[in-house]
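Below is one structure, written out as structure tokens; the observations come after it.
The values are calculated or read from the model by the stated rules, or taken from the named source; none is laboratory data. Computed from a predicted structure; not experimentally measured. Please note: Cβ atoms are built from the backbone with ideal geometry, for glycine as well, and neighbour counts cover all protein chains shown.
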């Protein structure tokens with residue numbers, strides 16, 4: 001009987017080690033800018049993280065899109081790809097802003113008034129072993145648009161280290177009227 005109890009206790013110890021963690025709710029961070037334009041939502045997709053943006057920009061941000069990486073089974077980041085269309089208009093020049101190869105987007109530094117004047121991506125190091133971000137944000141990251149004319153500024157950051165940016169949302173027409181982050185587990 002002692003042997004059966006010992007086996008049962010060992011089974012319980014192993015079972016507790018492999019209990020899957022509950023998924024965290026997706027974070028829909030606030031959208032900053034004006035109420036103009038049509039709503040958009042850009043998503044990297046399941047098992048992927050946002051590692052940069054592609055835009056069309058001149059004096060203001062004309063359009064925005066995603067650059068994403070898959071998270072491999074071992075937690076490392078796969079090859080970078082563009083995902084989905086650009087939201088917004090066709091003006092300005094094409095610009096690409098990305099995190100370092102071992103980092104992911106974890107926040108935005110948004111400058112806005114009646115439309116989005118410009119924004120910077122805040123990158124954090126990706127830790128494959130824990131599938132999470134670590135360390136301080138990079139201090140503002142690469143900027144898009146002309147941030148000197150900004151009327152308001154908001155820094156928006158993903159709240160959980162297990163949920164880096166997975167997409168963008170906002171409103172756009174000929175320009176990007178408003179923008180915000182979506183953060184989720186890959």
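Quick one: in segment 137-166, which of the residues that are buried (at least 19 other Cβ atoms within 10 Å of the Cβ) and within 19 Å of residue 57 (Cα to Cα) is modelled with the lowest pLDDT? The residue in question is 141.
Would you mind finding the one in 21, 3 that is within 30 Å of residue 155 (Cα to Cα), modelled with pLDDT under 95 and surrounded by fewer than 10 Cβ atoms within 10 Å (Cβ to Cβ)?
Working: 3 fails: within 30 Å of residue 155 (Cα to Cα).
Only one candidate qualifies: 21.
Let's see how each residue does on (1) surrounded by 15 or more Cβ atoms within 10 Å (Cβ to Cβ); (2) in contact (Cβ under 8 Å) with a residue 12 or more places away in the chain; (3) in contact with a helix residue (DSSP H, G or I) (Cβ under 6 Å, 6 or more places away or on another chain); (4) closer than 22 Å to residue 151 by Cβ:
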residue: 39; (1), (2), (3), (4): no, yes, no, no
residue: 44; (1), (2), (3), (4): yes, yes, no, no
residue: 54; (1), (2), (3), (4): yes, yes, no, no
residue: 62; (1), (2), (3), (4): yes, yes, no, yes
residue: 65; (1), (2), (3), (4): yes, yes, no, no
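Looking only at segment 42-62, count how many residues are in a strand (DSSP E or B) and either closer than 22 Å to residue 183 by Cβ or within 14 Å of the chain's Cα centre (by Cα) (or both). So the count comes out to 11.
Is it the case that some residue within segment 78-89 is on the phi > 0 side of the Ramachandran plot, modelled with pLDDT of 95 or more, in a strand (DSSP E or B) and more than 15 Å from the chain's Cα centre (by Cα)? Yes.
Going through (1) modelled with pLDDT under 95; (2) crowded, with 19+ Cβ neighbours inside 10 Å; (3) within 17 Å of the chain's Cα centre (by Cα) one by one, residue 112 falls short only on (3). Does residue 79 count as out of contact with any helix residue (DSSP H, G or I) (no Cβ under 8 Å at 6 or more places or on another chain), surrounded by fewer than 18 Cβ atoms within 10 Å (Cβ to Cβ), free of Cβ contacts under 8 Å to residues at least 12 places away in the same chain and more than 24 Å from residue 152 (Cβ to Cβ)? Yes, satisfied.
Do you know which residues across segment 26-41 are over 20 Å from residue 162 (Cα atoms), modelled with pLDDT of 95 or more and not in a strand (DSSP E or B)? Correct list: 31, 37. If the condition is being closer than 18 Å to residue 177 by Cβ and touching a strand residue (DSSP E or B) at 6+ places or on another chain (Cβ under 6 Å), then segment 67-93 contributes 86, 87, 88, 89, 91, 92.
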